[in-house]
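Accompanying notes for the structure given below.
The values are calculated or read from the model by the stated rules, or taken from the named source; none is laboratory data. Just so we're clear, the structure is a prediction, and the values are computed from it rather than from any experiment. Quick reminder, even Gly has a Cβ in these numbers, built from the backbone with ideal geometry, and neighbours come from all protein chains shown. Each accessible area value is taken on the protein alone, full model and side chains, heavy atoms only, with ligands, DNA and RNA left out. Shrake-Rupley method; radii C 1.70, N 1.55, O 1.52, S 1.80 Å.
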Protein chains: 2
Amino acid sequence: MTTAETKDRILETAARLFHEQGFNGTGVSTILREADVNAGSLYHFFPSKEALLLGVLERYRHLLHPVVMAPVEAATEDPIGRVFALLQQYRDWFAPLNFTMGCPIGNLALELADSLPGVRELVRANFDGWSGFVEKWLKEAGDRLPADADRGQLAHLVLTVMEGGLMQARARASAEPYDASVRQLRRYFDLLEDQAARQRRPGGRRR
Amino acid sequence: MTTAETKDRILETAARLFHEQGFNGTGVSTILREADVNAGSLYHFFPSKEALLLGVLERYRHLLHPVVMAPVEAATEDPIGRVFALLQQYRDWFAPLNFTMGCPIGNLALELADSLPGVRELVRANFDGWSGFVEKWLKEAGDRLPADADRGQLAHLVLTVMEGGLMQARARASAEPYDASVRQLRRYFDLLEDQAARQRRPGGRRR
DNA sequence: AACAATGTTGAGTGATCATTCAAATGAATT
DNA sequence: AATTCATTTGAATGATCACTCAACATTGTT
């Protein structure tokens, strides 16, 4: 059993348990039992439970591209299509869990952003990764969106819909609030594309 | 010191501490100290910490109208204006807290929706209250919005923007993600109103 | 004034919390 | 084979956890 194996198993188990039960709701003893590791081993790699949490957040950050974004970009070419492919893939991930778990990062953000120093920065880094991809896609959409529609703001809105929609889906144990929000976001983008199309053909008048 | 006073002080203190530190992050002993109450007193009114949480959520539900919605309706007549007045009032409330605290209900929703039975139902009841008002306003907007724009879905979107926007504002310690999302939501509503106006004057062509 | 019901006191319960550490083991280098 | 360093073992630590309870005080009823 190599070094990397044990450390990875600890990180993976901790990530799962923090996601399922929250940080304060997860005891170190539970992590030890489920990862099949002794206390000393864990504390050999991580000086504290908090350091373990930071490791988990670092891990999420590294997994963002290979696990989340690469599949989306592989499945969809169209840049605006990628935005909604991401929203769909997110839904496909959380819906089968019966709405028993929220966003792994968002949960930790709300539970700990203020009480633990360092957490907020890593949460922000994670969100920056997510919104960075969305913003990149929206920029690639070029003049299909109105020039005055701020890509950064739109990317924020997309993330907002993901996180807020999942929160309400969880509270209601139903995908409906998420789906409703995504459908409205879709309509918004359709209207923006209409507007941009009209701007591209100045003969079309109206706005 | 009447009965109601002690019980209220416990509920108020618990609500504040749960909001600041989360449910699992708040010890009963802290509640006792800050509410200046003995353990036996608390357990006289609430059989468990969980029951206390349910009391807190009930309290939020009862305060929704007098504390949140009545001021909005008093300050703004226009139904669509009320939606954005609510979003603004929400911002005015959380921004001065330096983004150290999220939505009291949303936080608990994400921390506990699954682990504690009963919590989810009360969280849902709270969210239903919020979205109920928004949906009512959107219905009052009548034909200012397109007939095929589902008012319930739009209300979900508004709540989604509130919760998701605040989550990201907190993670970034800045109101910017919230403001960006609200601005985009504003633009969406503007586009919807344009569309509805065109539908009302069929001579206007185009869509 | 007597009584019952409701509310309060606060020390004490066992369980679980995150964490420590000296000793044993494993792997890599010389 | 000897040495070194990283890793693992697992029992033990004191602190804090949610919670209990028997005694006492207060309030309301008759």
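Details
- Residues considered: B:E20, B:E58. Of these, the only one that is among the charged types (D, E, K, R) and farther than 19 Å from A:L110 by Cβ is B:E58.
- Criterion applied to B:A4, B:A35 was being at pLDDT 95 or above, within 16 Å of DNA strand C (Cβ to nearest atom) and aliphatic (A, V, I, L, M), and the one residue passing it is B:A35.
- Checking each residue in region B:114-131 for being without any contact (Cβ under 8 Å) to a residue 12 or more places away in the chain and either under 18 Å from B:V68 (Cβ atoms) or within 16 Å of the chain's Cα centre (by Cα) (or both) picks out B:R120, B:E121, B:R124, B:D128.
- As a summary of the residue check, B:A15 satisfies the conditions (1) at pLDDT 95 or above; (2) open to solvent by 30 Å² or more (accessible area, probe 1.4 Å) except for the one numbered (2).
- Residue within region A:198-205 that is at the interface with chain B (Cβ under 7 Å from one of its Cβ atoms) and not in a helix (DSSP H, G or I) present: no
- Meets criteria (over 26 Å from B:L110 (Cβ atoms), surrounded by fewer than 18 Cβ atoms within 10 Å (Cβ to Cβ), within 11 Å of DNA strand C (Cβ to nearest atom) and not assigned by TED's automatic domain parsing to the domain that holds B:T100) for B:S29: no
- B:E73 being within 16 Å of DNA strand C (Cβ to nearest atom), in the same structural domain as B:V134 (by TED's automatic domain parsing), assigned to a helix (DSSP H, G or I) and open to solvent by 20 Å² or more (accessible area, probe 1.4 Å): no
- Here B:V67 does not qualify as at pLDDT 95 or above and not assigned by TED's automatic domain parsing to the domain that holds B:F127.
- Filter pass, B:L54 being within 16 Å of DNA strand D (Cβ to nearest atom) and open to solvent by 20 Å² or more (accessible area, probe 1.4 Å): yes
- Just one of the numbered conditions (1) within 18 Å of A:R170 (Cβ to Cβ); (2) within 14 Å of another protein chain (Cβ to nearest Cβ) is not true of A:L57: (1).
Conditions tested, residue by residue: (1) in contact with a Gly (Cβ under 9 Å, 6 or more places away or on another chain); (2) open to solvent by 10 Å² or more (accessible area, probe 1.4 Å); (3) assigned to a helix (DSSP H, G or I).
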| residue | (1), (2), (3) |
| --- | --- |
| B:N107 | yes, yes, yes |
| B:A125 | no, yes, yes |
| B:E135 | yes, yes, yes |
| B:L138 | yes, no, yes |
| B:D148 | no, yes, no |
| B:M162 | yes, no, yes |
| B:S174 | no, yes, no |
| B:R186 | no, yes, yes |
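- Residue check, B:G22 over 30 Å from B:A175 (Cα atoms), under 21 Å from the mean Cα position of the chain (by Cα) and either within 16 Å of DNA strand D (Cβ to nearest atom) or of a type in the set (D, E, K, R) (or both): no
- The lone exception for A:P96 - which of (1) open to solvent by 30 Å² or more (accessible area, probe 1.4 Å); (2) not in a helix (DSSP H, G or I) it fails: (2)
- For region B:101-112, the criterion of being away from every other protein chain (no Cβ under 12 Å) and either farther than 17 Å from B:F133 by Cβ or away from DNA strand C (no atom under 16 Å from the Cβ) (or both) is satisfied by no residue at all.
- Criterion (within 9 Å of chain B (Cβ to nearest Cβ), at pLDDT 95 or above and at negative phi) met by exactly one of A:R120, A:R187, A:R151: A:R187
- Residue check for A:E34: of a type outside the set (F, W, Y), open to solvent by 50 Å² or more (accessible area, probe 1.4 Å) and within 20 Å of B:G22 (Cα to Cα): no
- Within region B:41-55, residues that are part of a loop (DSSP other than H, G, I, E, B) reach partners that are open to solvent by less than 30 Å² (accessible area, probe 1.4 Å) with beta carbons closer than 8 Å, at six or more positions or on different chains, in the pairs B:F46/B:I10; B:F46/B:L52; B:F46/B:G55.
- Residue within region A:127-139 that is facing another protein chain (nearest Cβ under 9 Å) and within 20 Å of B:A109 (Cβ to Cβ) present: yes
- Breaking point among (1) open to solvent by 10 Å² or more (accessible area, probe 1.4 Å); (2) under 16 Å from B:Q89 (Cα atoms), for B:H156: (2)
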